[in-house]
């Protein structure tokens, strides 16, 4: 091996750019580690066209000898290249000739670069500033600017800016075991997964080595927690690097502006401190800079973990709150309410676990279980000979938006054998105002099953009266906010009267929730609302207690006359 050849080999192996080497006939002779990282193929496979690399080899050869229509005026080829993961990535290649003693080139060198997501295939020289050459992500130059711009925006408009500093755990082990080419390919795949975890308004950057960062405006701390958990989950999934499966994890440090720092530079420093803390305290986790926030985040993560366990171990139970005909205190229905009996902490408040369940998506599984258990329980009571009542079940926004929700309800009714007439679904009015046409179609399909539909918490959301007549509902439910002082506040009393009148005009049943004293019940009776629900008659009770109520049917409680 000549000294020049050895020097060339060393250059190819260590240069950060992806380099293609072709002979005078533009046949590929060499590719370096960076090409392996960008495409996902081993060098030998690309050069021989082995297996799935054959198509990529042909595409790269065309890049080295582009047709006139495929090349820009400055000699830059741009086009798709099929990578080892099966996706086609937009690439660009700038080709330079290496001439010998004669006029004909002896070799050609091609500089291969992936075009970043959403970026046009512009000449490399025009895109070099601000773009990481390996991953196509924005680099440290863009990062600093985005942090400063974010700080200025938050200062003007309010809110918070979250900076997530992220580093791969034990990345050097991958380089040592599989080589730098595999390490580069891993970084490319990490960048690809990070892009899928963010919103269009967020910025994810590669800073250097195995270090990345994410800049995002947030409404509250939980927004950053959700993204951090999403990133951790995405990175934990095994990577296929060449023929090897690589499992690696992330550590994440989170700092917030203006809570943790008064400037962009300070925010960067605090997020780096938080990342260091995440590394030294166990890796594969996120840590906030603030001690208090770390405690809150840990408590939330612990709650989510226990929620998943609760689903697996059947720790949820359904309680029932009677709906009563105020005229004669007769039970005419009930609302099914989920309760969580944690074996360690006892009964957990729904206000504590429902928001977490909604944020994590667990609310869909919990909601499906509550619906199935309620239908089965109602059918069991009917099989005992107890006169049937309609029981309502709350539906979360995530449940309702699910494309198979109607089929899921139909299947539960079929499996439990419950007549749909004895089931009502409660939907909050804010759920109705997104894509009204689609909502009407879905509600119509549910009504065609034979069940009832109620708008819960009516008067507190965003619904328009012009739409109300289009929704195929059977019941309006007056929110407790309008009942709490209905006997003393003329304004809320007028709103309650208006909702009752509206319900009658639309031929809907009206139910008032939150009735706690006799005066509430009497007011509602006087204004034509006969069905009430609240602590005045009963708190939510376990299934066996409600069964006994159903057997007796009439509650031993009569509203006292008001003097």
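Only the coordinates and a few stated rules stand behind these numbers; no lab work does. None of these values were measured; they are calculated from a predicted model. Heads up, the Cβs are rebuilt from the backbone with ideal geometry, glycines too, and the neighbour counts pull from every protein chain shown.
Sort the following peptides by mean Cβ neighbour count (other Cβ atoms within 10 Å, averaged over residues), highest first: 508-521, 382-395, 32-45.
Values: 508-521: 21.1, 382-395: 16.7, 32-45: 22.8.
The peptides rank, most packed first, as 32-45, 508-521, 382-395.
So, by mean Cβ neighbours within 10 angstrom, what's the order for 225-238, 346-359 with the highest one leading?
Details: 225-238: 17.2, 346-359: 15.0.
Result, highest mean first: 225-238, 346-359.
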Take 360, 374 and order them by how many other Cβ atoms sit within 10 Å, fewest up front. 360, 374
How many Å³ per residue does the convex hull of the Cα positions in the stretch 499-554 occupy? 92
Alpha-carbon radius of gyration plus Dmax, which is the widest Cα pair, for the stretch 305-552 in Å: 17.8, 50
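Mean separation of Cα pairs under 8 Å and 6+ residues apart, divided by the residue count of the chain: what relative contact order is that in percent? Write down the numbers at each step before the final one.
On the way: 972 pairs, mean separation 49.0, N = 563.
Computed value for the chain: 9 percent relative contact order.
In the chain, what % of DSSP beta bridges are antiparallel (nearest 5)? Let's see the in-between values first.
Numbers: 69 of 95 bridges.
Of those bridges, close to 75 percent are antiparallel.
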Nearest 10, in degrees from 0 to 90: the angle of helix 291-312 to the longest Cα principal axis of the chain is 70
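When the Kirkwood radius is taken over all Cα pairs of the stretch 140-289, what Stokes-Einstein diffusion coefficient follows at 4 °C and 1.567 mPa s, in µm²/s?
The Stokes-Einstein estimate is 83 µm²/s.
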Helix 490-505 versus the longest principal axis of the chain: what is the Cα-based angle in degrees, 0 to 90, to the nearest 10? 90
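Got a sec? How would 529, 197 order by Cβ neighbour count within 10 Å, fewest to most? Intermediate values should be presented prior to the final figure.
Details: 529 25, 197 18.
In order of increasing Cβ crowding within 10 Å: 197, 529.
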As a check on your grasp of the helix formula, calculate [θ] at 222 nm for the chain: sum -39500 (n - 2.57) over DSSP H runs of n ≥ 4, divide by the residue count, round to the nearest 500. -13500 deg cm²/dmol
Can you tell me the orientation of helix 180-196 relative to the chain, as the angle in degrees between its alpha-carbon axis and the longest Cα principal axis, to the nearest 10? 30
Could I get the Rg over Rh figure for the stretch 280-324? Both from C-alpha atoms, Rh via Kirkwood, rounded to two places. 1.26
